[in-house]
Amino acid sequence: MSIVATAESVRTKQTRAVVVADETLAAIEARDGDIHAFLHLDAESIRAQARGIDSQIDAGQHPGRLAGVPVAIKDNLCQRGVPTTCASKILEGWKPPYDATVITRLREAGAVLVGKTNLDEFAMGSSTENSAFGATKNPVDPSRVPGGSSGGSAAAVGADMVPVSLGSDTGGSIRQPAAFCGVVGLKPTYGTVSRYGLIAFASSLDQVGPFARSVDDAGVLFEVIAGHDPMDSTSLAISAPDVMTDIDGGVAGLRIGIIPELMDGSSDEVRARVVAAQDALREAGATLVSLPAPELLLGLAAYYLIAPAEASSNLARYDGVRYGNRVDGADVSAMMIATRTAGFGDEVKRRIMLGTYALSAGYYDAYYGQAQKVRTLIIETFHRIYQSCDLIVGATTPTTAFEFGSKTADPMSMYYSDIFTIPSNLAGHPAISVPFGTGEAGLPIGVQLLGPALSEPTLFRAAKFLETEVGR
Amino acid sequence: MSTLPDGWFMVVGLEVHTELRTETKLFCGCANAFGDQPNTNICPVCLGLPGALPVLNQRAVEYAIRIGLALHCVIQDSSFHRKNYFYPDMPKDFQISQYDIPINGPGYLDLPGGVRIGIERAHLEEDTGKTTHLGGTGRIHGSDESLVDYNRSGVPLVEIVSCPDIRSAAQARAYAAELRSILIASGASDGRMEEGSMRVDANVSVRRGEDQPFGTRCEIKNLNSLRSVQRAVEYEALRQIALLEDGGTVRQETRHWDEDAGKTHTLRTKEEAYDYRYFPEPDLVPVTPTQAFIDTVRTGLAPMPAERRAALVSLLGEPNDAQIDQLLAVVEQGLDHFVITAVNAGVNAPLALTRTANELAASDRSLDNLDAEAIAATLLLEQAGDLSATQSKAVLAEVIAHGGGDPKAIAKSKGFEHMADGALDLVIDEVIAAHPDEWERFCGGDEKLQGFFTGKIMAATKGQADGKAVSAGLRARKN
């Protein structure tokens, strides 16, 4: 059942929000012992929210577009009074005194906030193995990772525990786990969804987006959370986007670009599914054009300077002075060092050190400055590409979900799993990953659609089309 | 002016931080208020809670532009950077500040004496919280406990950086004083150094000739009054000269001014200096005020001290040195409108100036709401001879104490009444008759007794007599 249908049933009392909530809790009870998608779950709070929705309906009120729809929340989004950890020991036990704007919008739409999902610590990683509270397992194959960093949100939807969830995407953290778990995942245009209350990893790249079982559900959830927010200076001053009106419009007449470099190093099975998607698009009346753009591959190197640089500054505040864990020391400086040494995991420390180095006097121009030039180059490259096409189709990830431990010893190989997703973040553009069949071992494969800024309506149309062609 | 040893010259540049008088903080809606209960004006943004984001206060931008315009700066499109360093009173462990492109580019400030001091920049940034260290010396090292109040965290500041154009300690003081007057006149800041809303750091170096390259500089912090600016700069220049004359070298460092000891001491050396790792603040967008907005701010700007001093000079004609000192003080303290109101009401300019510079400036009461018309009315009574100088001062004190009032009624309630011409003569004759020995000595040339007789006559008239008339009456009888 789509979330629109669920909300309609709840609103018309064909079912009750408390019933939906109990079903959700039962599904989580059945699956999450194995999957470990959730870091925090409060059954009583879920039921209380659902009762609130039902009583609004009983009082003749309209609770909103997502009336009674359960939504799981990545644990780097602040929810008032609910533990928010970023899967880090340094924030263990911290309860935000405020709601992120996306949480407020979900509440206003009548959604039931189910719980907080697992992630790589501070969203740094591609497998959820960097969580301080244990990895999440891929619901399709528990010996494999769900991807990351939003692995918990992807797995919760993939395992049918919730219909939709929120994640965040800094370099592919929604699209890569969506591809690995066989669900839809959107990284919106930078500035369309408020970052207020999203705990920052890399501010100029972070964007909140939806996971869903279907393209329609992803579209509805995106519309609910998107729109201008005066609390976020980088929020675009535009009216809320409309992706649902034309979602069934098909792809006839669209010019779709194929960037050979965005397939570079892909496994044969991934490549085969992307080719199948291209064929389907062509047969439906889209024009496919090959547009080589080797510059886009420079994005990975630029990203691993810009994102750690911003992170080194964003994560400075976890110093033990005001909130979170504190490890005492002889003086303030010793306390801060002890707190950060004990509180952060290895990957977070690695990136703080990388970023600190990249911003240091004497190195700034060679590293951070150079990376910003590459970022500009990538924006210009996309600009050139979009002179010749409306969208780009390619792979979301080079491979299907990998096994636990297979990349943890080699950070660089882990970083490479983001190579196709990173360029969109650097450009601030939207991109969506749609499940498009499976590989030889039955593991999900995602096809990625990329578009220029604010092209979400077109992206959703093409994604909806591919969803209907998934059987090819 | 300088007290440096022969052949030595100092070079000084000042960095002045001033808090802006906005209702709310720079990046959130919390009240910008001094003196409230600790940690009451705080929110997720100014506490730097995870996930919170800054939104720029447009009023702060307007105030920064006012300061820029008042200092003849280039107003330009600008952006914010993060200045990264760890300190417990800085909630995000970085300060949002402006770096390579400040809102106000080069400008200048003309000292009252005519010397022009270049302004390098005047940029916007956020203030930190305030730490109180308990135990030890009251500084962070060796303290038992530190308490942090984040009410000040995120309060808007403008940092005004002068060029190294200042050449003496007195000039440094004059610059700080003039800048303070300009800030107050702009309405952007209250300039209260004692509350820390205006804070001065001085970069001081010395050299052996005015054509020599600049020496190694030291930055002096903790200058909390105009007096300490002058003392600390003088001390520091002399310290550096003594060091160099002994064959030593000046080490580039940050030094702390100890007001009680009258000395500076090392806070941190260049080697211990932070690497701030500045980079563009990704949570904010560039500041791009339109020319129309800048023009509106310019049109709304009140007259600056230089213009106001010129207005007083034109009222006085050709002021003498004492009057120049008085008008400098009157403008610096923002009291010139009392002079102007009085002159417009018909009071002669020297009287209006001298009473404002003395009676009003010396008052320890707030003059913010003082009725200038009541002051003018009092001075008119004095000018007409209805009140003696002494009586006028007493009435002024009463008017100041109540923020206004009817000077005639006040005079009457104090029993001040204009003495009939014959009445004073009668009193003088009586006093002389009562002290024949003293009178004889006075007539014999003992001038000291003038004060004795004046005092007796004043006492007998309860201060109602006009000092000049008493003096004239005594002289007339003596001859």
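The values are calculated or read from the model by the stated rules, or taken from the named source; none is laboratory data. Worth saying up front: this structure is predicted, and the values here are computed from it rather than measured. For neighbour counting, all protein chains shown are included, and Cβ atoms are generated from backbone atoms with ideal geometry for every residue, glycine included. SASA here: full protein model, heavy atoms, side chains in, ligands and nucleic acids out. Shrake-Rupley method; radii C 1.70, N 1.55, O 1.52, S 1.80 Å.
For B:Cys163, the solvent-accessible surface with a 1.4 Å probe is about 40 Å², rounded to the nearest 10.
Per-residue extension of 0.36 nm, minus the Cα-Cα distance of B:Ala472 and B:Ala302, leaves a gain of 56.6 nm for this segment. Size descriptors for the range A:327-472 (Cα atoms only): Rg and Dmax, in that order, 20.4, 66 Å. Phi-derived couplings, Karplus 6.51 cos²θ - 1.76 cosθ + 1.60 at θ = phi - 60°, listed residue by residue for the range B:100-117: 7, 10, x, 5, 10, x, x, x, 7, 9, 8, 6, x, x, x, 6, 9, 10 Hz, with x used for Gly and Pro. With semi-axes defined as the square roots of five times the eigenvalues of the C-alpha gyration tensor, the equivalent ellipsoid of chain A measures 30, 30, 20 Å, largest first. Relative protection proxy for B:148-159, B:387-398, A:401-412, B:358-369, from highest mean packing down: B:148-159, B:387-398, A:401-412, B:358-369 (other beta-carbon atoms within 10 angstrom). Counting every alpha-carbon pair across the range A:3-225, the share separated by more than 29 Å comes to 16%. Each 10 Å bin from zero up to the one holding the largest Cα-Cα distance in the range B:421-478 carries the following percent of pairs: 24, 63, 13. What is the distance in Å between the Cα centres of the range B:8-85 and the range A:232-302? Between the Cα centres of the range B:8-85 and the range A:232-302 lies a distance of 44 Å. Counting, for every residue in A:367-374, the Cβ atoms of other protein chains within 10 Å of its Cβ and taking the mean gives 1. Listed by chain and number, the lysines whose alpha-carbon sits under 27 Å from that of B:Lys221, ignoring those within fewer than 8 places in the same chain, are B:Lys25, B:Lys83, B:Lys92, B:Lys130, B:Lys263, B:Lys270. Over all projection directions, the Cα-based convex hull of the range A:179-276 averages an area of 8.5 nm².
When the helices of chain A are scored as -39500 (n - 2.57) per DSSP H run of n ≥ 4 and the total is divided over every residue, the value at 222 nm lands at -12000 deg cm²/dmol.
Of the Cα atoms belonging to the range B:40-166, the radius of gyration and Dmax stand at 17.4, 52 Å. Ellipsoid fit via the Cα gyration tensor, the protein assembly as shown: semi-axes of 73, 31, 25 Å, each the root of five times an eigenvalue, largest first. In terms of accessible area, using a 1.4 Å probe and ignoring ligands and nucleic acids, B:Lys414, B:Lys263 rank largest first as B:Lys263, B:Lys414.
Here the contact order of the range A:3-225, divided by its residue count and restricted to Cα pairs under 8 Å and six or more residues apart, works out to 20 percent.
The helix-based estimate of mean residue ellipticity at 222 nm for chain B, built from -39,500 (n - 2.57) per DSSP H run of four or more residues and divided by its residue count, is -11500 deg cm²/dmol to the nearest 500.
Could you tell me the distance between the Cα centroids of the range B:145-177 and the range A:90-140, to the nearest Å? Computed from Cα coordinates, the inter-centre distance equals 43 Å.
The Cα atoms of chain B cover 87, 55, 48 Å along the three principal axes, with the biggest extent listed first. Hull volume per residue, based on the alpha-carbon atoms of the range B:319-438 and their convex hull, is 137 Å³. Here is the P(r) of the range B:365-406: all C-alpha pair distances, binned every 10 Å from 0, give 35, 54, 11 in whole percents. Relative contact order of chain A, taken over Cα pairs closer than 8 Å and 6 or more residues apart, is 17 percent.
Listed peptides A:95-102, A:208-215, A:44-51 appear in the order A:208-215, A:95-102, A:44-51 once ranked by packing, highest mean of other Cβ atoms within 10 Å at the front. Spatial offset of the range B:254-293 relative to the range A:361-410 amounts to 35 Å, using the alpha carbon center of each.
Taking θ as phi - 60° and the Karplus parameters 6.51, -1.76 and 1.60, the scalar couplings of the range A:428-434 work out to x, 8, x, 7, 10, 10, 10 Hz in sequence order, x denoting glycine and proline. Both numbers refer to the Cα atoms of the range B:28-79; Rg and Dmax are 14.6, 40 Å. For chain B, relative contact order (Cα pairs under 8 Å, six or more residues apart, normalised by length) works out to 14 percent. Multiplying each eigenvalue of the alpha-carbon gyration tensor of the range A:38-98 by 5 and taking the square root yields semi-axes of 28, 10, 10 Å, largest first, rounded to whole angstroms. Sorting A:253-259, A:59-65 by average packing, meaning the other beta carbons within 10 Å per residue, from highest down gives A:253-259, A:59-65.
Residue order by solvent-accessible surface for A:Asp279, A:Asp328, A:Asp418 is A:Asp328, A:Asp279, A:Asp418, largest first, with ligands and nucleic acids left out and a 1.4 Å probe. Normalising by residue count, the range B:237-318 has a Cα convex hull of 289 Å³ per residue. Computed from protein heavy atoms with a 1.4 Å probe, the total accessible area buried between B and A is close to 2700 Å². Distances between placed amide hydrogens fall under 5 Å for A:Gly446 paired with A:Thr396, A:Thr397, A:Phe436, all partners being 5 or more residues away or on another chain.
Of all lysines in the structure, the ones whose alpha carbon falls short of 19 Å from that of A:Lys74, not counting any fewer than 8 places away in one chain, are A:Lys89, A:Lys95, A:Lys116, A:Lys137, A:Lys187. Counts of other chain beta carbons within 10 angstrom of each beta carbon in peptide B:57-64 average 0. Between the helical axis of B:372-383 and the longest alpha-carbon principal axis of chain B there is an angle of about 30 degrees. Counting Cβ atoms of other protein chains within 10 Å of each residue's Cβ and taking the mean over peptide A:91-100 gives 2. Each principal axis of the range A:244-315 carries a Cα extent, and these read 48, 35, 22 Å when sorted largest first.
Hull volume per residue, based on the alpha-carbon atoms of the range A:1-121 and their convex hull, is 103 Å³.
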